[in-house]
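Okay, structure first, notes after.
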Amino acid sequence: MSYFRPTIAAMTGYVPGEQPKPGTEIIKLNTNENPYPPSPKAMEVLRHLDSEWLRRYPDPLAREFCNAVSEALGVPSDWVIVGNGSDELLNVLVRACGEGRDRTVVYPTPTYVLYRTLSAMQPAEKVEIPYPVDFNLPINDLIAANGAITFIASPNSPSGHSVPLDDLRQLASHLSGVLAIDEAYVDFAEYSALPLVREFENVIVLRTLSKGYSLAGLRLGFAIANPTLLEGLFKVKDSYNIDAIATLVGAAAMRDQAYKNACADKVKGSRAKLTVDLKKLGFTIGDSHGNFVLATPLSNQAEHLYIALKQQGILVRYFNQPRLDDKLRITVGNEQQNQMLIEALVSLNN
Ligand SMILES: *Cc1c(COP(=O)(O)O)cnc(C)c1O
């Protein structure tokens with residue numbers, strides 16, 4: 001007998017981007033981390049943590065953090081659920097809503113691969129609907145699939161496109177299940193789907209502090225939805241999923257919107273410059289609303305470039321799968337990192 005359920009034995013685990021040891025001399029443009037440090041106010045809170053906070057169990061609802069979200073985003077604090085990274089909340093959503101053939105997990109592809117992994121683990125049948133080449137949302141097919149849960153990442157990774165709010169509205173109004181809008185990259189985008197949570201009881205918007213707030217190592221994400229929808233999710237999450245450090249440091253980062261916005265503005269400026277520079281080298285690139293670009297090099301050399309850059313100490317993301325295997329996803333770094341990437345690409349072309 002196998003140690004594992006057949007579902008687990010048969011599935012492929014999620015493969016995260018490579019994480020070199022801190023301090024390794026490497027230009028890391030493969031997992032969409034923010035090149036700037038976290039808010040100085042958040043670091044100040046971290047340095048002055050009271051030992052009492054560590055001796056005791058943390059608040060199961062991380063209310064201090066919920067209050068900070070409420071102040072920053074203008075949503076009631078009981079419309080917020082907090083997760084150990086937004087990945088945990090994606091997991092909680094699939095566990096709470098998906099099951100077998102009758103309660104499917106639906107999403108347009110290519111997108112965040114974790115949706116597939118979580119469906120396989122549950123197990124809940126997945127329905128993958130390919131985006132057309134122009135990345136318009138395949139609304140009719142998504143409505144027809146009528147998932148127990150439908151995931152839409154906006155801005156999407158790795159394509160970088162944002163989904164128009166009217167498309168999301170139309171989808172939400174026709175689905176009887178949950179519409180989960182994954183806004184991991186919203187801090188670099190032009191608009192958010194947050195207003196939809198007030199319009200539709202079945203809409204939940206997921207956010208993370210990993211990208212916009214430079215806190216990927218802290219593991220903190222949150223989601224906003226009508227309390228009716230959150231009720232089922234609270235039953236599924238671990239009681240003490242958010243540690244005391246993350247609750248307090250995250251709250252300080254959330255209250256420092258000015259710092260987060262200033263860093264995001266720098267990233268957006270660099271994204272524009274990087275796009276121009278890559279185009280000059282012959283790459284094809286669509287508009288990105290995240291902190292990364294999806295770039296197609298000339299003549300099918302994506303995998304070759306990925307390996308060659310890695311040999312020079314520059315990590316980018318290569319997805320060996322249909323529709324992406326001719327492309328590289330490159331995180332927008334700081335000006336110096338982007339410049340070194342461009343110089344490496346120039347030298348590889350010669
Ligand atoms: C990075 C990312 C997440 C996960 O964020 P964490 O809060 O670090 O777990 C979720 N969804 C998408 C699309 C992402 O790119």
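Rule-based calculations on the coordinates, nothing more; no lab input. Worth saying up front: this structure is predicted, and the values here are computed from it rather than measured. Virtual Cβ from ideal backbone geometry, glycine too; neighbours counted across all protein chains shown.
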For Gly85, which sequence-distant residues (separation of 5 or more, or a different chain) have an amide H within less than 5 Å of its own amide H, given hydrogens modelled in the peptide plane? Leu220, Gly221
Run a plain Debye calculation on the range 112-195 (Cα atoms as equal point scatterers, no solvent) and give log10 I(q)/I(0) at q = 0.10, 0.13, 0.21 Å⁻¹, rounded to two decimals, same order as the q list. -0.23, -0.40, -1.09
Net charge contributed by nearby residues that have their C-beta within less than 10 Å of Ala72 (K/R +1, D/E -1): 0
Check Thr284: other-chain or 5+ apart residues with amide H under 5 Å from its amide H, H built from backbone geometry? Thr296
Per-residue Cβ contact counts at 10 Å, fewest first, order Asp287, Asp187, Asp256, Asp166 as Asp166, Asp287, Asp256, Asp187
Measuring from the lowest to the highest alpha carbon on each principal axis, how far does the range 180-226 reach, largest first, in angstroms? 33, 22, 12
Can you compute the modelled spin-label distance between Thr7 and Thr24, with each label point 7 Å from Cα toward Cβ, in nm? 3.4 nm
Set of aspartates and glutamates with alpha-carbon distance to Lys211 below 18 Å, sequence-local pairs under 8 removed: Glu18, Glu33, Asp87, Glu88, Asp182, Glu183, Asp187, Glu190, Asp256, Asp265, Glu335
Strictly over 26 Å apart at the Cα level, which of Lys21/Lys280; Lys280/Lys327; Lys28/Lys237; Lys268/Lys327; Lys41/Lys273; Lys260/Lys310 would you flag in this model? Lys21/Lys280; Lys28/Lys237; Lys41/Lys273; Lys260/Lys310
Provide the per-residue ³J(HN,Hα) series for the range 219-229, in order, calculated from phi with Karplus coefficients 6.51, -1.76, 1.60 and θ = phi - 60°, each as a whole number of Hz, with x at glycine and proline positions. 6, 8, x, 8, 9, 10, 6, 4, x, 4, 6
Would you list His161, His174 from fewest to most Cβ contacts within 10 Å? His174, His161
Dipole-positive endmost among Ala246, Val106, Asn300 within the chain (Cβ charges, Cα centre): Asn300
One finds the C-alpha centres of the range 17-35 and the range 166-220 to be spaced, in Å, by 26 Å
So how much slack lies between His174 and Val133, counting 0.36 nm per residue of separation and subtracting their Cα-Cα distance, in nm? 12.3 nm
From phi via Karplus (6.51, -1.76, 1.60), per-residue ³J(HN,Hα) for the range 237-249 in Hz, x at Gly/Pro: 5, 4, 4, 10, 6, 10, 6, 5, 5, 4, 4, 6, 5
So what J values fall out for the range 195-200 if you push phi through Karplus, 6.51 cos²θ - 1.76 cosθ + 1.60 with θ = phi - 60°, rounded to Hz, Gly and Pro as x? x, 5, 5, 7, 7, 10
log10 I(q)/I(0), Debye, Cα-only the range 204-350, no solvent, q = 0.10, 0.20 Å⁻¹? -0.49, -1.17
Which stretch or stretches of the range 323-340 have amide N atoms under 20 Å from the point lying 7 Å from His304's Cα along the Cα→Cβ direction? 323-330
Would you compute, for the Cα atoms of the chain, the largest minus smallest coordinate along each principal axis and list the three values in descending order, in whole Å? 59, 52, 51
